[in-house]
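The values are calculated or read from the model by the stated rules, or taken from the named source; none is laboratory data. Fair warning: this is a prediction, and the values are worked out from it, not measured in the lab. Note that we place each Cβ from the backbone using ideal geometry, even for glycine, and neighbour counts take in every protein chain shown.
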Ligand SMILES: Cc1cc2nc3c(=O)[nH]c(=O)nc-3n(C[C@H](O)[C@H](O)[C@H](O)COP(=O)(O)OP(=O)(O)OC[C@H]3O[C@@H](n4cnc5c(N)ncnc54)[C@H](O)[C@@H]3O)c2cc1C
C-alpha cells in the first residue's frame, strides 16, 4: 500500500494530502535557498493525530518534517520525501485566564491571530517575533525573540508549560522546568525551546500574558547620529544601560533608501489598520521624519540611531538618559502606540518584494564588541556591493549581548556571493565569543560552534529519544 493510503486509513481522508499541487505548496520556505518535496502532507487537527503519525512513522522508518509558518530561511521546515506535518491545522486558543493572566494556544496558531484574540479579551503577550505570521510552535522551537525582549526576555522566558509529542509517540504535558529543558547551565539551549523540532513536536503552549493596557513600554528617547560612527551609538547604549536601566535598548544602522521604503509601507499598513497617520504614527516613521528634520539634505549614505524606552517615562529618568548619552547629536521623544501590528506587516512586505529574497545573519555577540561587529558587518557587505542593508540590534540587560540582523532584499542571482560574505561575518561572530542565532538546516554546520558543549549532549539525547531519526532528520544533526 502507498504511504498516503496507509495514512488515510489511520487518520481519515480529510487531513492527508498527496497530489502534486498540494505538496508543491511546501516546496521551499521563505528563504528560497532549499527545495524539496514531501511524499505526503498531513495537517493534524489534534494531538492524537500527531501521535498517530509519529507512531506510524516509527514503524515504517519514514522521516517526518514539522512545519509551522515556514518563515525560517535555511530549509529547517523543508522535507525531501517522507511526511510533512503542517501544524497550522492546530490553530485555536484552548484556554485563557484574564485574572491569572495566561493563555494556552495550539502550536500552529499564528502570532497575529493570537494577538487579535488576546486583545479582544484585554490581554496581550510581551515577547513575540516581529514576524507575526510565524506560529507559536515554530517560534518556540527556534528560541524566538522580539522588540521587547530587552526587558521581558525571549519567548522562552514566557512559556509556562508545553504539550509535546515525543518521537516515540508519548505525550508530555508539564511545566518547562520539569521536562528538564534548562539542562545546560547558565545560558542553556534547551531541548524544546530551541530544538528546531528535533526532539519532539510541540502541540500546545501556555504563556504568561499581561493586561492589554500594560502591554509595552510606551515612551522612547531616540538619538540620531548623522556620521557613521556606530561605536558612538553603541557606547551611548552601554552608558544608558548602566546609568538609567531602560526597558528597551534598540539600535540600528540604516540607509535612507531602506527607511524610505519602510516608511511608505508602514504608512500604508497603518492606514489599512485604521490608524491615522497623525494620531498613531509608527515608530520608524517618526524616526525617519525626525532624521529628515534634523539633517535634511545632508543625508549620508547611512545613519545610526539608538532608542531607549520606558514604561511611562518620568522626567528624571529622561534627564539621566540624555546626560549619559552625550554623543548623540539629536534627541527626540517618541510615543509608541500599539505598533506591533503595523511594524510586523510592513516588515513582512519588505521581505517579500518581487524579485528579492530575504536574507538574515542573526547573531548574538557580547555587548563590548557590538560596535566592532557591526562595523565589520557593514564594511564587508558594502565592500561587496550589498548596500541596501539595515542592521538592528537589541542590548539585553541581563545577558549583556547584542543581536544583530542583516536585512536586505537580495536578488536570487547574488545568493551564493552573499553566502561568502555571510560566512566571513559568522567567523567573526565566533571569534568574538558570540553565537549565530539561527543554526538549523543548511546552517547546521554552525550549530556545533554556536551551542558548544551542549551540542554533544544534545546529540546523545537525540539518539536516545529518537533512535530511528524520525523527527526533522538532518535539521540539526
Ligand atoms: C520578515 C521576517 C521577520 C522575522 N523576525 C523575527 C524576529 O523578530 N524574531 C525571531 O526570533 N525570528 C524572526 N524571524 C525568523 C522566523 O520567522 C522565526 O524563526 C519564526 O518564529 C519561525 O516560525 P515558523 O512558524 O515560521 O516556523 P517554521 O519556519 O515553519 O519552523 C521553524 C523550525 O521549527 C520547527 N517547528 C515548527 N513548528 C513546530 C512545532 N509545533 N513543534 C516543534 N517544532 C516545530 C520546524 O521543523 C523548523 O525546524 C523573522 C523572519 C522573517 C521572514
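Worth pointing out:
- Hits in the range 430-444 (condition: touching a residue at least 60 places away in the same chain (Cβ under 8 Å) and in contact with a helix residue (DSSP H, G or I) (Cβ under 6 Å, 6 or more places away or on another chain)): 432, 435, 436
- Residue 3 surrounded by fewer than 20 Cβ atoms within 10 Å (Cβ to Cβ) and in contact (Cβ under 8 Å) with a residue 60 or more places away in the chain: yes
- Wholly within the range 4-103, strands (runs of 3 or more DSSP E) carrying at least 2 residues that are within 19 Å of residue 205 (Cα to Cα): 64-67, 83-86, 93-97
- Look at (1) away from the ligand (no atom under 16 Å from the Cβ); (2) at pLDDT 85 or above; (3) surrounded by 19 or more Cβ atoms within 10 Å (Cβ to Cβ) and you find that residue 459 fails only one, number (3).
- Restricted to the range 223-269, and to residues there that are within 24 Å of the chain's Cα centre (by Cα) and assigned to a strand (DSSP E or B), the residue that is modelled with the lowest pLDDT is 248.
- Some residue of the range 198-213 being closer than 30 Å to residue 302 by Cα and either within 16 Å of the ligand (Cβ to nearest atom) or modelled with pLDDT of 80 or more (or both): no
- Pick from the range 124-169, criterion touching a helix residue (DSSP H, G or I) at 6+ places or on another chain (Cβ under 6 Å) and more than 13 Å from the ligand (Cβ to nearest atom), ranking: nearest to residue 464 (Cα to Cα): 169
- Every residue from the range 16-49 that is buried (at least 19 other Cβ atoms within 10 Å of the Cβ) and over 23 Å from the mean Cα position of the chain (by Cα): 16, 17, 38, 40, 41, 42, 43, 44, 47, 49
- Residue in the range 98-111 that is touching a helix residue (DSSP H, G or I) at 6+ places or on another chain (Cβ under 7 Å) and either on the phi > 0 side of the Ramachandran plot or surrounded by fewer than 21 Cβ atoms within 10 Å (Cβ to Cβ) (or both) present: no
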